Amino acid sequence: MITPNNWSKKELLAYILLYIANIDLEESSNEREFILNKIDVQTFKNIHKEFEADNDYQCIQKILKSIKSHDYFRADYRDLFVDIKLMIFADGDEHSIETTIFNTLKKIIKAE
């Protein structure tokens, strides 16, 4: 199993986008399509399998651990936050929980 310390940038992005897509407890086909436009199918399958086994706390911990282990986005978080925001609107609806998680992720990611 790949650990968050060893995730590539694409694996981390896939995990974050899956987390956002599933925060409303529903992963729509539009959300899945959005992720697959950013990530190759095999990476998506591998990360999705790992994501499905994790609870909410584990998801946040893995995201933070991976961000702390790598400097993938340190120079410019803007691209990451744009991808997250686009993920929120991928299914055509913006749920308040998605916006709350987006704002929370922004705070904790920038703090790392």
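Rule-based calculations on the coordinates, nothing more; no lab input. Note that the coordinates shown come from a computational prediction; the quantities given were computed from them, not determined experimentally. Note that we place each Cβ from the backbone using ideal geometry, even for glycine, and neighbour counts take in every protein chain shown.
Ellipticity at 222 nm from helices only: DSSP H runs of n ≥ 4 in the chain, each -39500 (n - 2.57), divided by the residue count, give -22000 deg cm²/dmol. Placing +1 on the Cβ of every Lys and Arg and -1 on the Cβ of every Asp and Glu, with no other charges, gives the chain a dipole of roughly 620 debye about its Cα centre. Measuring nothing but how far apart in sequence close Cα pairs (under 8 Å, 6+ apart) lie, relative to its length, the range 4-111 scores a relative contact order of 41 percent. Qualifying trypsin sites (Lys or Arg not before Pro) in the range 47-112, where qualification requires a DSSP coil assignment and no more than 14 other C-beta atoms within 10 Å, comprise Arg74.
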